[in-house]
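Structure first, commentary second.
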Amino acid sequence: MTDSRKLTILGSTGSVGTSTLQVVKEAEDIEVFALTAHTNRGRLLEQCQQFRPRFAVLVEPDAAGDLAQALQQTAPNTELLTGTEALCRVASHSDVDMIMAAIVGGAGLESSLAAVEAGKHLLLANKESLVMSGSLFMETAQSHGATLLPIDSEHNAVFQCLPTALQQHIGDRSHADIEKITLTASGGPFLDLPLAEQTGVTPAQACKHPRWSMGRKISVDSATMMNKGLELIEASLLFNLPPEKIDVVIHPQSIIHSMVHYLDGSVLAQMANPDMRVPITHGLAWPQRMPSGTTALDLAEIGRLDFREPDTERFPCLRLGREAAQQGGTAPVILNAANEVAVAAFLEGRLGFVEIAQVIEQALAEIPSEAAPRLESILEIDGAARKLARELVGNR
Ligand code: NAD
Ligand code: MG
């Protein structure tokens, strides 16, 4: 009988968070230590009743209502905390072994960093926190002995295709044997929609992804292909590769989740049905394996796997992501901040779909980028980029 490992799930009420709990329910040796939500107290309460964590965090105190009382009555061993500082507390607590970072957007930055500073096993879904803090994040992870386990399906696929010795030290080794990486992209719901016809796209259409069921922000990112731009930056940091060594290929079936090209011409790919429980389970069990609950892959039934070049004219966000990756420094901070503001405005009906890329491009052009930033300047530039993006949205 092995000791159970204690897990904090940051953003447990979201898409990745609930998939993580589905996996944990079937795992014998994982105990839920803390669950966190932004405002969804109903779902947080249900999760606490089922998983009995030591802490529940509701970030927005005004949304708590009678949550403390309800917990007292139905899950008395769970202590309620509120406020953003509570996220860092449950991410770095000395009793925690693993943290699933599944908050969406820059709101997850401080807690992701707190987990790596505490030297934990960080299961990273919250790509925005890595995109924002870049080399600072990777250096902090290395100097504090944190273990990074990529949960984004493409990065998890690449990780699985790396030699074990590299898996233990991603980011801090140069990969002499690796020629390049190919990230696959489904192409989202508008893969075959010409740019001119994208103007009338609605939030409901953009959030209807053909392969994956995800939160609204990442669904829009997939529709603009900014998601792949962010993932390119994410891959460059995690695997210590220049952006030129990271290709993107459209693969509409989403069966191959990414590949590593070695110098002898061998290409290793990871395949699975498109189901986030697969990378989540991989991260939770690593370096072992355990069941994920996904259906078995049936290639004969799928019949064929298609690939094609991405069209950066149709998807300018992919080009902007690559340019920000090449520029480095705080360019990814500006890219991410402007994108978050633009996507939120689009979802609220205040900005057109094709204008998302325009706002980001203008923000990148207007705000000068700095090299190798510290946390204070990252937060400052993030704030400035959000402010400018809001003005740009307002002007439209
Ligand atoms: P989601 O919108 O479904 O859930 C977001 C979670 O974050 C919720 O629990 C919410 O309460 C919490 N949250 C939102 N704003 C917050 C704030 N200001 N402070 C604290 N908590 C806050 O999002 P998701 O689809 O689960 O995605 C989560 C992260 O995982 C994103 O970074 C996304 O890019 C990444 N990711 C998701 C998928 C997927 O299949 N959904 C796949 C790969 C990567
Ligand atoms: Mg992904």
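The residue pairs whose first member lies in region 97-126 and is under 16 Å from VAL32 (Cβ atoms) and touching a residue at least 12 places away in the same chain (Cβ under 8 Å), whose second member is among the β-branched types (Val, Ile, Thr) and part of a helix (DSSP H, G or I), and whose beta carbons are closer than 7 Å, counting only pairs six or more residues apart or on different chains, are MET100/THR20; ALA102/VAL16; ALA102/THR20. Region 296-349 holds no helices (runs of 4 or more DSSP H) entirely within its bounds that carry 3 or more residues that are buried (at least 18 other Cβ atoms within 10 Å of the Cβ), among the basic types (Lys, Arg) and touching a residue at least 12 places away in the same chain (Cβ under 8 Å). The sole residue among ALA141, ALA157 that is among the aliphatic types (A, V, I, L, M) and either away from ligand 2 (no atom under 16 Å from the Cβ) or within 22 Å of ARG54 (Cβ to Cβ) (or both) is ALA141. If the Cβ limit is 8 Å and pairs must be 6+ apart or interchain, which residue in region 262-287 that is under 22 Å from LEU305 (Cα atoms) and modelled with pLDDT of 95 or more pairs with which residue that is in a loop (DSSP other than H, G, I, E, B) and charged (D, E, K, R)? Partner pairs satisfying both residue conditions: TYR262/ASP177; PRO274/ARG211; PRO279/ASP152. Considering region 124-182, the qualifying helices (runs of 4 or more DSSP H), each wholly inside and each with 1 or more residues that are charged (D, E, K, R) and within 16 Å of ligand 1 (Cβ to nearest atom), run over 127-143, 153-160.
Restricted to strands (runs of 3 or more DSSP E) entirely inside region 1-79, those with at least 3 residues that are more than 12 Å from ligand 1 (Cβ to nearest atom) are 5-10, 30-37. Of everything listed in (1) within 13 Å of ligand 2 (Cβ to nearest atom); (2) surrounded by fewer than 24 Cβ atoms within 10 Å (Cβ to Cβ), the single unmet condition for ASP152 is (2). Screening LYS228 on (1) within 16 Å of ligand 1 (Cβ to nearest atom); (2) not in a helix (DSSP H, G or I) shows it passes everything except condition (2). Scanning region 205-225 for residues that are in a loop (DSSP other than H, G, I, E, B) and either away from ligand 2 (no atom under 12 Å from the Cβ) or within 12 Å of the chain's Cα centre (by Cα) (or both) yields CYS207, LYS208, PRO210, SER213, MET214, GLY215.
Taken together, LEU268, LEU241 contain a single residue that is more than 17 Å from the chain's Cα centre (by Cα) and either within 15 Å of ligand 2 (Cβ to nearest atom) or in a loop (DSSP other than H, G, I, E, B) (or both), which is LEU241. Candidates PRO291, PRO279, PRO274: the one that is within 21 Å of the chain's Cα centre (by Cα) and surrounded by fewer than 18 Cβ atoms within 10 Å (Cβ to Cβ) is PRO274. Reported count of residues in region 105-122, each being under 20 Å from ASP221 (Cβ atoms), surrounded by 22 or more Cβ atoms within 10 Å (Cβ to Cβ) and either within 16 Å of ligand 2 (Cβ to nearest atom) or among the charged types (D, E, K, R) (or both), is 1. Just one of the listed residues (VAL393, VAL359) is buried (at least 22 other Cβ atoms within 10 Å of the Cβ) and not in a loop (DSSP other than H, G, I, E, B), namely VAL359.
The values are calculated or read from the model by the stated rules, or taken from the named source; none is laboratory data. Source: prediction; values computed, not measured. Quick reminder, even Gly has a Cβ in these numbers, built from the backbone with ideal geometry, and neighbours come from all protein chains shown.
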